[in-house]
1. If I model a spin label as a point 7 Å beyond the Cα along the Cα-Cβ vector, how far apart are those points for A:THR81 and B:TYR203 in nm?
2. Per 5 Å bin from zero, what fraction in whole % of the C-alpha pairs of the range A:303-436 is there, up to the bin with the longest pair?
3. Just want the answer: with Cβ charges of +1 for Lys and Arg and -1 for Asp and Glu, which residue in A:ILE245, A:ILE446, A:GLN16 is farthest toward the dipole's positive end in chain A?
4. Just how many pairs of Lys in the range A:336-453 have C-alpha atoms closer than 30 Å, counting pairs that are eight or more places apart or on different chains?
5. At 222 nm, what helix-only mean residue ellipticity would chain A give, in deg cm²/dmol to the nearest 500, using -39500 (n - 2.57) for each DSSP H run of four or more?
6. Please report, to one decimal in angstroms, the Kirkwood hydrodynamic radius of the range B:199-274 built from all distinct Cα-Cα pairs.
7. Let's test the formula: R0 of 25 Å, r as the Cβ-Cβ distance of A:ARG216 and A:ARG405. What FRET efficiency results, to the nearest 0.05?
8. Tell me the angle of helix A:50-59 to the major Cα principal axis of chain A, expressed in degrees between 0 and 90 and rounded to the nearest ten.
Amino acid sequence: MSSQWNVYESFQALLQAGPYHLALEGVLVMCIIWLFTAKKQPSKLIRLTKKEEEELIAEWMPEPLVPNPPKEDHPALHTRTIYGKPGRYLDLGTGEKLLNLGTHSYLNLGERPEVEEAALECLHKYGVGSCGPRGFYGTTEVHLKLEDRLAVFFNCEKAVLYSYGFSTSASAIPAYSKSGDVIYADEMVNFALQRGLQASRSRIVYFRHNDVEHLRELLEEQSRLDKKDPKKANATRKFMVVESIYINTGMMCPLPELVKLRQKYKLRLFIDESVTFGTLGPNCRGITDHYNIPMKEVDMIMANLESSAASSGGFCVGTEFVIEHQRLSGLGYCFSASLPPMLAAASIKVLDILESEGCELVVVLQDKCRQIQEVLSKLSSKLEVSGEDISPVKHLRLRESTGDREADENILRKIVEKAESHGLALTLASYLWEKEASPPLPSIRITVNKDLTTEEIQKVGEAIQKAVMEVME
Amino acid sequence: MVAHTELPAQVPHEKILNNKHFERCNNEKTPVNSAGGTKGKVHHQNGTTISTQNGYASPGYENSNVPNKKKIHQKEEECSIFVAFFTFLSYGVLLLVGHIKEFFSRATTKEKNREDIEECSPFTNFTIYLSYGVLFFVGYVKEFFYPPSTKEKNREGYVPLYIGFESFYTRNVYRRIQDCWNRTICSVPGAEIDLMERYTPDYGWTMKLTGKIIKCINAGSYNYLGFAENKGPCHDAAEHTTKEVGITTSSPRMELGTLEIHRELEQLVIEFLGVEDAITFGMGFATNVLNLPSLLDPSCLVLSDEFNHASLILGLRLSGATVKVFRHNNSEDLEKKLREALICGHPRTHRPWKKAIIVVEGIYSMEGSICDLPNFVRIKKKYKTYLYVDEAHSIGALGPNGGGVVDYYGVDPKEVDIQMGTFTKSFGAAGGYIAGSKDLINHLRVTSHAQIYASSMSPPVAQQIITSMSIIMGKKGSGEGRRRIQQLSRNVKYFRQRLRQMGFIVYGHDDSPVVPMILYLIPKISMFVRELTKRGVAGVGVGFPATKITGGRMRFCLSAAHTKEMLDKILEEVDEVGYLCGCHYSSFRDSEPVEW
């Protein structure tokens, strides 16, 4: 290994060195300074004449800005418009109000008048926009209060608030993981997490969906490599990124086993709780609450405030040591205007509700989730449902794929359209197929609303049944 | 702003250890792995003094390029006072070398459109480095005697989460002045704001509210047209919308998140900007980050201004395109770099580029400069590239009709291929838009991440934009919009001229509502901000790493809500504080009275 080197001795040696030596060293130092200061010249090996240059430039024909503009009949250009207030029922302009099984308002708190009142009260004081990033007079009392409340709610030291759900995880991950680090992520993590992983420039290792054994193998392999090169291992941070309930599959992650792996292989564990915030666990605190795992086992929890919290934005909670770092390093935090105060105030009210009646809300919601699961699972031989029975997100897929993604999508889209005429607002799960790390199968994403009644759930089953019959038989 | 090279993130954190004499462990970031037995090994990268200087100092030079297998990332242990001294010295040397380099290369290219920037004197420069040097030196000495205590619990034996230098800077420089940022307000960020007074019980580590409120004139928020209001038509409309439509959609635009109000908003944006089509998003920052990857791919060339906003840089990085950085607002440099790149083709494959895009901003939020759009349009046409203009700060704030930099120069909106902007600033709301040709917007509707995965804009926010935009366009408010635009432009001219006249160095264009005033030194920034607050003016101080290391500044954002009396009050206080800390750097003084 490297030899011993003592600053003091070197300094002494320098004093005793002869003048020639010093002169030589001086020249070397000058050379280095010159190397730093010299302007980088473009390679002069091939020199083109002005005319040749002009010709080359004139010859260049760039592609149009948008090489293949989508056709006019592309479904994404004809999204449905909602009239009036989105809630348990949606008005899509078809005449009757449709039962909403498509938006992520699991607890339906957006329809609670007190949430709206809280937002309005804040609007009267602060106006709409905050007109500045958090650093430059964009921090209002409301933001601080919401952060404190979130930290208390999750039993953590600190929380940090973002103004957009998507940017939360996409900014939080690259704040910690840098190039040279390793991130282990489930292959089904949502797209915002994938963007965060990509932005970190770390090495990303995907393990098979919810496959703890596969993850263990990968970690074992890594620890073998680490033993060979302990120096590198000592500088490589390792992270594990999972979702509590995967929005792309509806499955829950096996957290207790992941925590064991985290302890054994010294990983830092980040969980995205966008789906489970407010919908899981006896105190609706999410998956740590559900499995009764102390918060210190998890390094950071990320979630958005756009689903259960019926507002906008996102947040991360964890220890002070971890979270405070984002205030200088989370790009989406530092460089973006802060969340409009009225939306933060609405979230505070949601926390009030969750704290006072959260336990009952979760029981009701999970009951509805189970009922829907039951209805959907015996729906038709053509469709299968995936997702945990207590998950508020479920996916309906074709049991037998046609083998072509677009064809599958078209069948499902037709089912969605037919369901509309039977009084249901459903939606296809939309993906950017080319950019997804491991594209899920096309599906109809069903979300469960706490306020659905048993009759409505029966109606859901019947309506989908009819739609499937009409499309596929 | 982050620099185009990864700044603090890449700082190497090796330390030279002298284990014979000092084996004290610095536990701050590095719980010692007791089983490891590696502590106390002595490392140096290449075995020479020079390389150690190299390894320490320059945040800008990525150390990973050193192809030395011996490179060791090891536990941070306490270093000897010699090493600390040499470290400090090497910072000084490198900073000086960098400065000399910049000094020479600056002389070759003229900075255009940055309005008579006065060079700072060598003495001032020296004091800047000296002040950093002293701060670092004191920091080293302090941490030598009082090693920062470990804060992380339950993670023994883990690789430290943070890199050495970054946290050293935070602990020893940023901590001392952090009270100048992240201030809490408890009122609408209009012409006047209520700041909540804070105190620190532990020398800047934490801040606590005292409960007292300081009334200040607000020269810090981006409230250019004064639409941050808690009464008036915008507020009423937002209230009405909240009651009618609620505050959330809980769904992306592609699925079930498109409300009637979103369509209305997009129609209005199209009309306002005079473009074929437009698309809106829920967050301004994300508008850049999530859409650039849909427009670019790795075989594209991007020419990006050196002071572009972090969101543009992140978006470009995510897209994987090749990015060439040109000098700030310098069309000659742009043309030179563009020609070079077009002639050479892709650096790896040597194929011609698929397409080339020039990415600039309308008003630069830290420099106050207005982009030299006519020249960029000329170059764009000449070389068949595309032009992306980020009008985050300029939309609403510039131009006779508030139409941004395009309107200001009277350029045909169709000449700018991609117009992007945010609603946070002039419209007093949140979110962003992209406008351009029908094909472009249709493409984004199908491929934008924000369209497919991110929730749509909150209805009251959309309503605020609709109402404020209608007022600006003159559809509502009987001339109120025009009055605000004129008020802002008069405010800007008056304020900038007066500030110059007092002998401050002011950056940026004469018509730009962002007014950066140069202070150079970090301690002066904090003094200025604190003194101004005491006198009832809230301004923003900006220093390294958001600016160059020699570019510490105060930044004032003017608003149409400011009256002449308010501006006079700000100017008076700024002048006084300027004398207190010696910031009248400009040699140019003009005693002619300035008319409002």
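Values quoted throughout were computed directly from the atomic coordinates according to the rules given, and no laboratory measurement underlies them. Every value quoted in this text rests on a predicted model; they were computed, and no experiment measured them. Methodologically, a virtual Cβ is constructed for each residue, glycine included, from the backbone with ideal geometry; neighbour enumeration extends over all protein chains shown.
1. 6.3 nm
2. 2, 8, 11, 14, 15, 13, 13, 11, 8, 4, 0
3. Of the candidates, A:GLN16 comes out farthest on the positive side.
4. Eligible lysine pairs with Cα atoms under 30 Å apart amount to 26.
5. Values: 17 runs with 210 residues, N = 473.
Mean residue ellipticity at 222 nm (helix-derived): -14000 deg cm²/dmol.
6. Over the range B:199-274, the inverse of the mean reciprocal pair distance is 17.1 Å.
7. Calculated value: 0.20.
8. Computed tilt is about 20 degrees.
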